[in-house]
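Beneath this line is the structure, given in structure tokens, with notes to follow.
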Amino acid sequence: MQWIVYFHGIFGERVLPILIVLAAIWFTVTWKAPAPDTPRTLAARIFPQLVTLQFSLGLAYWLYGIIALGQAGRYLSFPFILHPLLGLLAVLLAHWAVTNRPERNAITRTFARLGRWSVVAMMGLLLVAVLVSTMIAYAV
């Protein structure tokens, strides 16, 4: 279980924020008006999966801490419960940022009005979610 904590920590606090900034730049530079019938680029398929992997590792350790370690009080207490919730928000934002079907929900429709800058705005929110989640994990 220690390797999950190690990988989750390193990837979440060091790699993911840099990856978000680089992805925001890449997706903004290569932005085209979304067409529902065109497939997503390789970067648009891989990036949300990396965020999902990070969330899955954290969720596995969080559940392990509650069930196997018996530390439900710690993992379900107020500031720390925000950590997995912000992780879930980060996964949703990562998938929404690279969608080529903005009509799917109200959030992607709202951001689609920004055109090229929709990805920057969505990635900015994603970066804030990741950084705040990291701060919460260190505070507890």
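Quick note: the coordinates plus some simple rules give every number you see, no bench work behind them. Bear in mind that the values here come from a model prediction, so they are computed numbers and not experimental data. Positions of Cβ are backbone-derived with ideal geometry, glycine not excepted, and every protein chain shown enters the neighbour counts.
Here are a few things to note about the model shown:
- Simple spin-label estimate for L53 and Y138 gives 2.4 nm between the two label positions (7 Å along the Cα-to-Cβ direction from each Cα).
- Taking label points 7 Å from Cα along the Cα-to-Cβ direction, V29 and Y64 give a separation of 3.8 nm.
- Shape call, region 8-62: gyration tensor on alpha carbons, a/c limit 1.5: oblate
- Each stretch of four or more DSSP H residues adds -39500 (n - 2.57); spread over every residue of the chain, this sum gives -23500 deg cm²/dmol at 222 nm.
- When you work out D = kT/(6 pi eta Rh) for the chain at 37 °C and 0.692 mPa s, using the Kirkwood radius from C-alpha pairs as Rh and the Stokes-Einstein form, the result is 207 µm²/s.
- Within the chain, helices built from complete DSSP H runs that reach 20 Å or longer along their own axis (Cα positions) and carry a mean Kyte-Doolittle hydropathy of -0.5 or higher are 42-67, 78-97, 118-139.
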